[in-house]
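The values are calculated or read from the model by the stated rules, or taken from the named source; none is laboratory data. Note that the structure is a prediction, hence the values are computed from the model and not measured. No Cβ is skipped: glycine too gets one built from the backbone with ideal geometry, and neighbour counts run over all protein chains shown.
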Amino acid sequence: MAAAPFFTPLIALVAVLLDRLLGEPRRWHPLVGFGWLASRVEARLYGTSRLRGAIAVLMLAGGFALLAWLAQRSLGAWAWLLDAGLLYLAIGAASLGQHAAAVRRAMDKGDLATARMSVGRMVSRDTADMDDAAVARACVESVLENGCDAVFGALFWFFVAGAPGVVAYRLANTLDAMWGYRNERYQRFGWAAARLDDLLNWMPARLTALTYLLLGKARLAWRCWRKQAPAWESPNAGPVMAAGAGALALRLGGPAVYHGCLEMRPPLGEGREAGAADIARATALVWRGIGLWLALAFMGVWAIA
């Protein structure tokens, strides 16, 4: 059975502590295995029909969510262990912080080549010709955006739907990262993965933006969210990154090179350019947000007890 409402914040706290202490598994991470399976499914079902892509998403994300629900029911009183374990595997706060810290250490040492290589593990843009400011900007943007995708989105769906919700959300997010491209190959086959990810992230993204606003420069964050987010291509990344940039009083966005092509992205935030020290500020903002979410969850349970 699903965890009783009173235990839900406690299970979330356990999962966050596991992530903080252990980080993500270094070997045999389930998402790596899922990525392999998704590639096999793609090889069998790929076609130019949106229906084929929708079937693939339903089989993978829906199928594993159903398995999580069945396992939860079969475990009875021990279902909380499954809940905590799956949420721990879905949260990537520690890993996000480790990747960001590697970029900052390289920048502090003046090792731009290593900083470019490290930030290249976090972003999909080309990093070979980045200067210090571009590296710091890319890293801060990644921390803010992944605060939603890898942290708050998982927490939101755990609070809403328990372990099955976490599984469906995280796997939809993974399929979007694999198939959700607007190119010739995935324009139609990846449509369902991209739309499902947009749908599941709609509320978490706005709650993440609100979290950044509350924990940073609120008025500036609100102004940037309201004015800049609509110009951003992604309906969910826009609010998150605009509010986060405003909360930190930084200028983000702007030109970036993807697959050899320069893209003129809209500006995000206001203030000075991002620097190496702002990477730690962005990471701290995410961790303070986690603390706020857990505190509110406990308060909510106690208020209705």
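The residues on offer are A102, A113, and the sole one that is hydrophobic (A, V, I, L, M, F, W, C), more than 30 Å from L155 (Cα to Cα) and either part of a helix (DSSP H, G or I) or touching a strand residue (DSSP E or B) at 6+ places or on another chain (Cβ under 6 Å) (or both) is A113.
Looking at the structure I just gave you, is L86 in contact (Cβ under 8 Å) with a residue 60 or more places away in the chain and hydrophobic (A, V, I, L, M, F, W, C)? Answer is yes for this residue.
Screening the candidates L70, L45, L22, L58 for the property of being surrounded by 12 or more Cβ atoms within 10 Å (Cβ to Cβ) and either out of contact with any Lys or Arg (no Cβ under 7 Å at 6 or more places or on another chain) or among the basic types (K, R) (or both) yields one hit, L58.
Have a look at A277, A295 and point out the one that is farther than 21 Å from S95 by Cα and either among the aliphatic types (A, V, I, L, M) or within 17 Å of the chain's Cα centre (by Cα) (or both).
It is A295.
Does any residue of the range 280-291 turn out to be in contact (Cβ under 8 Å) with a residue 12 or more places away in the chain, part of a loop (DSSP other than H, G, I, E, B) and not aromatic (F, W, Y)? Outline the logic, then answer.
Restricting attention to the range 280-291, the residues satisfying the condition of being in contact (Cβ under 8 Å) with a residue 12 or more places away in the chain are 280-283, 285-290.
Now restrict to residues that are part of a loop (DSSP other than H, G, I, E, B): none.
No, the range 280-291 contains no residue that is in contact (Cβ under 8 Å) with a residue 12 or more places away in the chain, part of a loop (DSSP other than H, G, I, E, B) and not aromatic (F, W, Y).
Only residues that are among the small types (G, A, S) and touching a Cys at 6+ places or on another chain (Cβ under 6 Å) were counted across the range 70-123, and they come to 1.
Answer yes or no: is there a residue in the range 137-147 that is over 16 Å from the mean Cα position of the chain (by Cα), more than 26 Å from L294 (Cα to Cα) and at pLDDT 95 or above. Outline the logic, then answer.
First, pick out the residues of the range 137-147 that are over 16 Å from the mean Cα position of the chain (by Cα): 137.
After this cut, where a residue has to be more than 26 Å from L294 (Cα to Cα) as well, the list is 137.
Applying the additional criterion that residues be at pLDDT 95 or above yields 137.
Checked against the condition, which is being over 16 Å from the mean Cα position of the chain (by Cα), more than 26 Å from L294 (Cα to Cα) and at pLDDT 95 or above, the range 137-147 yields at least one hit.
Pairs are defined by a Cβ separation below 7 Å, a sequence spacing of at least 6 or placement on different chains, a first member in the range 189-206 that is part of a helix (DSSP H, G or I), and a second member that is among the β-branched types (V, I, T) and crowded, with 23+ Cβ neighbours inside 10 Å; the pairs so defined are A192/V57; A193/V57; L196/V57; A205/V240.
Residue pairs whose Cβ atoms lie under 7 Å apart, sitting 6 or more positions apart in sequence or on different chains, and linking a residue in the range 19-31 that is assigned to a loop (DSSP other than H, G, I, E, B) to a partner that is at pLDDT below 85, do not occur here.
Do you know which of the residues in the range 143-167 that are surrounded by fewer than 24 Cβ atoms within 10 Å (Cβ to Cβ) and hydrophobic (A, V, I, L, M, F, W, C) is nearest to A297 (Cα to Cα)? Ranking the qualifying residues of the range 143-167, first place goes to F159. For the range 195-247, taking the residues that are modelled with pLDDT of 95 or more and aromatic (F, W, Y), the one that is surrounded by the fewest Cβ atoms within 10 Å (Cβ to Cβ) is identified as W202. For the range 116-133, the candidate set comprises residues that are in contact (Cβ under 8 Å) with a residue 60 or more places away in the chain and farther than 21 Å from G153 by Cβ; within that set, the residue that is surrounded by the most Cβ atoms within 10 Å (Cβ to Cβ) is R125. Looking at the range 244-255, I want the residues that are part of a helix (DSSP H, G or I) and of a type in the set (V, I, T) and have a partner that is crowded, with 17+ Cβ neighbours inside 10 Å and modelled with pLDDT of 95 or more with Cβ atoms under 9 Å, at least 6 apart or on another chain. Which pairs are those? As it stands, the answer is none, since no pair meets every condition given.
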